[in-house]
1. Provide the per-residue ³J(HN,Hα) series for region 59-64, in order, calculated from phi with Karplus coefficients 6.51, -1.76, 1.60 and θ = phi - 60°, each as a whole number of Hz, with x at glycine and proline positions.
2. For residue 118 and residue 176 in the same chain, what is the full-extension length gain: residue separation times 0.36 nm, less their Cα-Cα distance, in nm?
3. With no solvent and one point on each alpha carbon, what is the Debye value of log10 I(q)/I(0) for region 1-89 at q = 0.20, 0.23 Å⁻¹?
4. Note the count of lysine pairs whose C-alpha atoms are less than 18 angstrom apart in region 20-96, limited to pairs 8 or more residues apart or on different chains.
5. What translational diffusion coefficient, to the nearest whole µm²/s, does region 139-189 have by Stokes-Einstein, given a Kirkwood radius computed over alpha-carbon pairs, a temperature of 4 °C and 1.567 mPa s viscosity?
6. Dipole size in debye (nearest 20) for the chain around its Cα centre, Lys and Arg Cβ +1, Asp and Glu Cβ -1?
7. So if R0 is 35 Å, what FRET efficiency would residue 211 and residue 155 give, r being the distance between their Cβ atoms, rounded to the nearest 0.05?
8. Considering the chain as a Gaussian network with a 10 Å cut-off on Cα pairs, which listed residue, 177, 34, 158, attains the greatest mean-square fluctuation?
Amino acid sequence: MLAGIKNLFLRQFENKVAVDHINFSIQEGEFVGFIGPNGAGKTTTIKMLSGIIHPTEGAISVMGYIPHRLEHGFKKNFSITMGQKNQLWWDLPAIDSFQLIKEIYEITEPDYTRTLQELTELLEVQSILNTPLRNLSLGERMKFELIGAFLHGPKVLFLDEPTIGLDVSSRRRIRDFLKYINVEKKVTVILTSHYLEDIEELCNRIIAISHGKIIYDGSLSDITTGELPINDIFESLFNK
């Protein structure tokens, strides 16, 4: 109690730089792995790129838009999925949430029907569309989260730990789905993940961040073959 009272009147503050003047560009259609240890600045960067927060310095451009302005054209052309947060409604069946998303994004009925059928078949979830989200497994919920994120046909997809806590089978199905939308739909994807399998199978480029700074930007092969001195930095990360 005394410590709490002391903190009330003698509060101390510390400025923490979450992302420290990083600079990179991503081409249309790339699948980029954005990796680093916990607290490195990955999620903060994803939130800035998606407009959830805005930088205190510098400038960001995504598809020609300034993200934190959240212009209508920007919101209709990107999507974000975070493995530890739900965007669908917990007490509703997924199909009801998808109907709401359809109205929010002004998706036409033919486009909605065609896209929903395609995505549910890819992820094999047709039989549980009418089940309340709260009654589904973690893997099933994440499949529906990805469908909801892609229902309006975004050009850019931000994925923050989409396979966290999932079993091997669910991770495999989601990886196949992400490969499909990247290759067949030409969607640009930025992925954060602590699973080496996700990075190896999906990403053609790696951006590694540590203490808010980019320490590597290039192919995964140079890291995994040990040709770069930063290999040891990622050994513990990839073994999680």
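FYI, it's all coordinate maths here, none of it is from the lab. This one's a predicted model, so the numbers in the text were calculated from it and none came from an experiment. FYI the Cβ positions are ideal-geometry reconstructions off the backbone, even for glycines, and counts take in every protein chain you see.
1. The phi angles translate into 9, 10, 10, 10, 6, x Hz.
2. On the way: separation 58, 0.36 × 58 = 20.88 nm, distance 1.37 nm.
So the chain would gain 19.5 nm between residue 118 and residue 176.
3. -1.09, -1.32
4. Details: 42/85; 47/75; 47/76; 47/85.
So the count works out to 4.
5. On the way: Rh = 11.2 Å.
Roughly 116 µm²/s, to the nearest whole number.
6. Values: 25 positive and 31 negative charges, 144 e Å.
Taking the Cα centre of the chain as origin, the dipole is about 700 debye.
7. On the way: r = 31 Å, r/R0 = 0.89.
E(calc), rounded to 0.05, equals 0.65.
8. 177
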